[in-house]
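The values are calculated or read from the model by the stated rules, or taken from the named source; none is laboratory data. From a predicted model like this one, the values you see are computed outputs, not experimental measurements. Surface accessibility is based on the protein's heavy atoms, side chains included, excluding ligands, DNA and RNA. Shrake-Rupley method; radii C 1.70, N 1.55, O 1.52, S 1.80 Å.
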Amino acid sequence: QVQLVESGGGLVQPGGSLRLSCATSGISFSFYSMGWYRQAPGKGREVVARIFREERTYYADSVKGRFTISRDNAKNTVYLQMNSLKPEDTAVYYCTYRAYMGADAYWGQGTQVTVSS
């Protein structure tokens with residue numbers, strides 16, 4: 001069974017940093033992508049970052065240069081390092097997994113990130 005568990009969210013002041021973690025189990029070694037999405041109240045889901053095979057990555061323009069997605073195979077965990085946080089980064093952040101291109105995504109429960117003075 002695929003399981004995704006996010007952690008690391010919280011309250012941080014503008015300009016601060018957080019590192020989100022996504023602990024995984026039951027996923028294939030040769031996955032298509034792992035990613036982070038976010039959703040603010042009343043808004044649609046927005047892709048933040050994705051990591052593919054051979055460490056290829058994608059970042060939304062709004063976070064490029066500030067966020068970094070990475071993985072630790074030994075711990076079977078995906079991370080999202082978030083630096084220089086802005087109030088507009090406030091959202092629930094979700095970890096996602098796709099076994100292959102076009103497959104339905106698995107979602108974690110989400111972790112709240114609030115950036116405020």
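Whenever you get a sec, compute what percent of the accessible area on the range 1-113 sits on carbon and sulfur atoms (1.4 Å probe). Working shown, then result.
On the way: 3000 of 6330 Å².
That fraction is 47 percent.
On average, how much area does the Cα convex hull of the range 55-108 cover when viewed from any direction, in nm²? Mind showing how you got there, number by number?
Values: hull surface 19.3 nm².
Average of the hull's projected areas for the range 55-108 equals 4.8 nm².
Regarding the range 78-117, what are the three Cα extents along the principal axes, ordered largest first, in Å?
Taking the Cα atoms of the range 78-117, the three principal extents are 40, 17, 15 Å.
What percent does the relative contact order of the chain come to when contacts are Cα pairs within less than 8 Å and at least six residues apart?
36
Counting only Cα, what are the radius of gyration and maximum Cα-Cα distance Dmax of the range 1-64, in Å?
Considering the range 1-64 through its Cα atoms, Rg and Dmax are 13.6, 38 Å.
If you wrap a convex hull around the C-alpha atoms of the chain and split its volume per residue, what is the figure in Å³?
100
Among DSSP beta bridges whose residues both lie in the chain, state the antiparallel percentage, nearest 5.
Working: 38 of 41 bridges.
Among the beta bridges of the chain, antiparallel pairing accounts for roughly 95 percent.
Hey, what's the chain come to in accessible area per residue, 1.4 Å probe, Å²?
Details: 6590 Å² over 117 residues.
For the chain, the per-residue accessible area is 56 Å².
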